[in-house]
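For reference, the structure is listed below as structure tokens.
What follows draws every value from the coordinates through simple rules; no lab data is involved. As the structure is a computational prediction, the values presented were derived from the model and not from experiment. Reconstructed Cβ throughout: ideal geometry from the backbone, glycine too, with neighbour counts over all protein chains shown.
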Ligand SMILES: C[S@@+](CC[C@H](N)C(=O)[O-])C[C@H]1O[C@@H](n2cnc3c(N)ncnc32)[C@H](O)[C@@H]1O
């Protein structure tokens with residue numbers, strides 16, 4: 001089974017125990033859509049045979065495209081970057097990464113960009129991805145307890161999982177016209193800010209506005225009306241977006257807790273309260289043993 005190849009803020013590996021029992025088995029849906037793919041924890045766990053993955057971060061999407069199409073060359077580029085590594089080289093490579101145009105077309109530049117993307121993800125502070133106003137990646141060097149390493153087998157497994165996937169960069173709203181009845185859509189947007197809190201939502205220069213949380217809910221309702229199955233994860237503070245007057249039956253909201261993984265210091269990991277919003281009926285789920293426990 002494949003695993004996420006990147007560290008990603010808001011990655012859902014720690015929450016899979018809560019999410020998986022709420023996902024119907026593959027023979028019960030046609031295509032799998034994940035329009036905020038990030039680290040792709042659920043996608044890599046499910047390895048669906050027909051998937052559409054997207055994210056607004058075009059460098060992230062290029063990384064997955066290179067994993068899909070040129071895994072061995074990518075492993076070669078990363079191995080070379082990791083063989084020589086220091087704080088000084090980190091900043092040189094960050095500059096090189098930012099100098100590659102986001103809309104680059106040259107295949108070798110795109111391969112290099114993907115290699116640098118992985119290298120920076122492994123060596124930056126807490127594996128964060130954040131951009132400044134100019135769209136430059138600006139996360140500082142992160143002191144690691146262990147040396148960075150390339151995981152060739154993980155990249156090869158991800159390569160296999162991605163063979164069935166279409167991978168595009170773009171806004172989540174673009175999936176609307178593609179989704180039809182019987183498709184499964186998993187939305188994992190940047191989280192609604194906890195009141196007074198400073199949780200992370202600045203994945204790119206544009207950020208994620210609170211109106212987009214409303215747009216997402218309204219899109220989920222329209223997809224439900226088309227006959228699609230929808231699953232959304234968000235922070236507990238998004239609960240007010242999903243009250244009964246805003247979403248129709250059979251949508252329901254379930255409270256869950258999950259450990260946040262992006263902080264490298266395990267002593268400072270926090271247990272966050274999150275919600276899962278779904279229109280998937282527990283009766284559609286194969287594992288009937290879990291039924292009594294599912295809300
Ligand atoms: C919470 S993360 C997804 C984490 C992912 N589920 C995982 O397991 O790693 C949210 C993602 O949404 C992306 N994003 C932010 N705004 C977006 C938008 N308007 N449309 C599509 N993707 C967006 C970010 O780049 C980020 O990768």
(message) Per 0.36 nm of contour for each residue apart, how much would the distance between residue 146 and residue 257 grow if the chain were fully extended, relative to their Cα-Cα spacing?
(response) 37.0 nm
(request) Multiply the residue gap between residue 26 and residue 249 by 0.36 nm, knock off their C-alpha separation, and tell me the result in nm, one decimal place. (result) 77.9 nm
(message) With the crude spin-label approximation of a point 7 Å out along Cα→Cβ, what separation in nm comes out for residue 96 versus residue 180?
(response) 4.6
(message) At 7 Å along Cα-to-Cβ for each site, give me the label-to-label distance between residue 210 and residue 16 in nm.
(response) 3.4
(request) Could you please tell me the mean projected area of the C-alpha convex hull for the chain, averaged over all directions and given in square nanometres to one decimal? (result) 15.4
(request) Would you work out the relative contact order for the range 66-156, in percent, from Cα pairs under 8 angstrom that are 6 or more residues apart? (result) 36
(request) Would you mind computing, in nm to one decimal, how far apart the modelled labels at residue 226 and residue 103 are, each placed 7 Å from Cα along Cα→Cβ? (result) 2.7
(request) With a 10 Å radius around each residue's Cβ, average the other Cβ atoms per peptide and rank 137-149, 26-38, highest first. (result) 26-38, 137-149
(request) Compute the relative contact order of the chain as a whole-number percentage, counting only Cα pairs closer than 8 Å that sit 6 or more residues apart in sequence. (result) 24
(request) Quick one: work out the % antiparallel among DSSP beta bridges in the chain, nearest 5. (result) 50
(message) So for each of 180-193, 100-113 I average, over its residues, the number of other beta carbons within 10 Å; can you give me the resulting order with the highest mean first?
(response) 180-193, 100-113
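Divide by every residue of the chain the summed helix terms, -39500 (n - 2.57) for each DSSP H run of at least 4, and state the resulting mean residue ellipticity at 222 nm, rounded to the nearest 500 deg cm²/dmol.
Helices in the chain give a 222 nm mean residue ellipticity of -9500 deg cm²/dmol.
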(message) Taking the 0 to 90 degree range and rounding to the nearest ten, how far is the long axis of helix 58-69 tilted relative to the main principal axis of the chain, both from C-alpha atoms?
(response) 80
(request) Kindly rank 162-170, 223-231 from highest to lowest mean number of other beta carbons found within 10 Å of each residue. (result) 223-231, 162-170
